[in-house]
Amino acid sequence: MHLTSLLGLLATATLAVSQSSTNTTGKLGDARPVRNNPVIGEVWVAKFDSPTVKGFVTAVANTVGVNYTIDVTGLPVDQGPFTYHVHLRPVPADGNCADTAGHLDSYLRGDSPPCNSAAPQTCEVGDLSGKYGTVTGPSVVKSFNDPYSALNVINLGYIGNRGIVFHNGNSTRIACATLQKVG
């Protein structure tokens, strides 16, 4: 009798926890922290030089993941808040941001429902603003560490030679640049 009651209580609690969870994990599971960047301190930079948006996104290999610094100006104040992501492809020679493909989604999560910043390991690897917050214009300087980004080509979260894209409030791509190794 007590065992039946205990099992019923456990089943109810498990159901309640699973129904209250808003985290979406990718088909390959949660992102794992990157601990094998080959050269700690290695620097990659995406230089933004559009007619309006200027600046840099810098990515520096860390012992765990990548340290990012965003330093851009010229974001149209009336079009934010702005999201920013690592996309699959580099920016082509013609500068067409649409040709950078979708977000870096190494664990096959998809972008719906939106990323839960309280559980960043469940987000698309490339959804930086989902994990660390949107930005407003016209200028932004922001730094953060993303433990799920990698500068080791063998990792699922590899960001080298990929596009960094800023989107306006309605998701239109307004500025893009390719992360390139410095030196």
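Figures for the structure shown
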| quantity | calculated |
| --- | --- |
| Any chance GLY29 is out of contact with any Cys (no Cβ under 9 Å at 6 or more places or on another chain) and on the phi > 0 side of the Ramachandran plot | yes |
| Wholly enclosed strands (runs of 3 or more DSSP E) of the stretch 69-183 bearing at least 1 residues open to solvent by 30 Å² or more (accessible area, probe 1.4 Å), closer than 16 Å to PHE56 by Cα and in contact (Cβ under 8 Å) with a residue 40 or more places away in the chain | 83-86, 139-146, 173-178 |
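To keep it simple, each residue is scored yes or no on (1) among the small types (Gly, Ala, Ser); (2) under 13 Å from the mean Cα position of the chain (by Cα).
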{"residue": "VAL53", "(1), (2)": "no, no"}
{"residue": "ASN67", "(1), (2)": "no, yes"}
{"residue": "ASP71", "(1), (2)": "no, no"}
{"residue": "ARG89", "(1), (2)": "no, no"}
{"residue": "ALA93", "(1), (2)": "yes, no"}
{"residue": "ARG109", "(1), (2)": "no, yes"}
{"residue": "PRO113", "(1), (2)": "no, no"}
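The values are calculated or read from the model by the stated rules, or taken from the named source; none is laboratory data. Computed from a predicted structure; not experimentally measured. Glycine gets a Cβ as well: all are built from the backbone with ideal geometry, and neighbour counts include every protein chain shown. Heads up: the accessible areas ignore ligands, DNA and RNA and are worked out on the full protein's heavy atoms, side chains in. Shrake-Rupley method; radii C 1.70, N 1.55, O 1.52, S 1.80 Å.
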